[in-house]
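Enquirer: Handing you this structure, nothing more for now.
The values are calculated or read from the model by the stated rules, or taken from the named source; none is laboratory data. Bear in mind that the values here come from a model prediction, so they are computed numbers and not experimental data. Cβ atoms come from the backbone with ideal geometry, glycine included; neighbour counts cover every protein chain shown.
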Amino acid sequence: MDTKTCPSCNADVPVEASRCKHCFHDFSEAPKKKGNPMVALLAFILLLCVVGGGVFYFIGQRSASSRTVVDPETQSIVFTKKFADHTETNRVPFSDIAKIEHIFGGPHATFEVVAIDNDGTRYTIKESNDTTLIGEAEQMATIMKKPLEDIRKVQGFDPGTSSKTISPTDATTSSNP
């Protein structure tokens with residue numbers, strides 16, 4: 001009599017049997033194929049490489065530092081951003097600036113000084129979450145000989161926005177909170 005070995009219990013079972021008499025293993029079922037663990041390992045390593053590459057790209061594209069200078073000598077505002085692999089510089093002449101805004105309750109920080117050019121483009125010069133920047137805004141407006149607008153956008157208290165325009169000559173004598 002010819003026998004075969006049961007894959008579940010290793011017992012000798014007749015070749016004609018459809019089930020093992022010891023463990024009731026069904027010989028008519030197709031054996032389950034196990035996946036190759038090397039394929040799973042290679043897929044995991046590939047995933048790590050893609051994620052790591054994305055993280056390095058993101059870090060490289062973020063600016064390491066930024067600096068803004070109001071330069072009376074060149075009559076311009078100079079914006080410099082240093083990245084890991086390069087530096088970007090943008091220069092906006094005072095003649096292109098229409099006004100300076102001191103914003104309380106700005107979108108990026110509690111206090112912001114923003115220069116608005118003649119086309120309406122907004123350039124953030126300085127931000128602070130700690131102290132008011134009205135003194136610096138007045139100084140910048142005086143240097144550039146531009147009007148200063150003090151804007152208060154306090155969310156949750158007043159549905160509107162209040163603003164007060166200060167002329168460049170008044171900026172040196174004004175004392176706003």
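Enquirer: Is it the case that SER76 is surrounded by fewer than 16 Cβ atoms within 10 Å (Cβ to Cβ) and of a type in the set (Gly, Ala, Ser)? I'd like the intermediate steps shown before the answer.
Expert: Values: surrounded by fewer than 16 Cβ atoms within 10 Å (Cβ to Cβ): no; of a type in the set (Gly, Ala, Ser): yes.
Criteria not met by SER76.
Enquirer: Which residue is nearest to the chain's Cα centre (by Cα), if the candidates are limited to region 137-152 and must be among the hydrophobic types (A, V, I, L, M, F, W, C) and in a strand (DSSP E or B)? Give the steps one after another, and end with the answer.
Expert: The first filter runs over region 137-152 and keeps only residues among the hydrophobic types (A, V, I, L, M, F, W, C), leaving 137, 140-141, 143-144, 148, 151.
Remaining after also requiring in a strand (DSSP E or B): 148, 151.
Working: LEU148: 31, ILE151: 27 Å.
Among them, the one singled out is ILE151.
Enquirer: Just to confirm my filter: which strands (runs of 3 or more DSSP E) fall fully inside region 1-94 and include at least 1 residues that are within 30 Å of MET140 (Cα to Cα), of a type outside the set (Lys, Arg) and modelled with pLDDT of 80 or more? Explain how you work it out, then say what you get.
Expert: Values: elements: 3-5, 12-14, 65-71, 76-82, 87-93.
Ranges flagged: 65-71, 76-82, 87-93.
Enquirer: Shifting gears a bit: Looking at region 27-45 only, could you name the residues that are over 56 Å from the mean Cα position of the chain (by Cα) and either aliphatic (A, V, I, L, M) or loosely packed, with under 10 Cβ neighbours inside 10 Å (or both)?
Expert: First, the residues of region 27-45 that are over 56 Å from the mean Cα position of the chain (by Cα): 27-28.
Result: SER28, single match.
Enquirer: Suppose the filter is in contact with a Phe, Trp or Tyr (Cβ under 6 Å, 6 or more places away or on another chain), at pLDDT 90 or above, among the hydrophobic types (A, V, I, L, M, F, W, C) and part of a strand (DSSP E or B); does ALA98 pass it? Break it down stepwise before answering.
Expert: Values: in contact with a Phe, Trp or Tyr (Cβ under 6 Å, 6 or more places away or on another chain): no; at pLDDT 90 or above: yes; among the hydrophobic types (A, V, I, L, M, F, W, C): yes; part of a strand (DSSP E or B): yes.
Spelling it out, it is not the case that ALA98 is in contact with a Phe, Trp or Tyr (Cβ under 6 Å, 6 or more places away or on another chain), at pLDDT 90 or above, among the hydrophobic types (A, V, I, L, M, F, W, C) and part of a strand (DSSP E or B).
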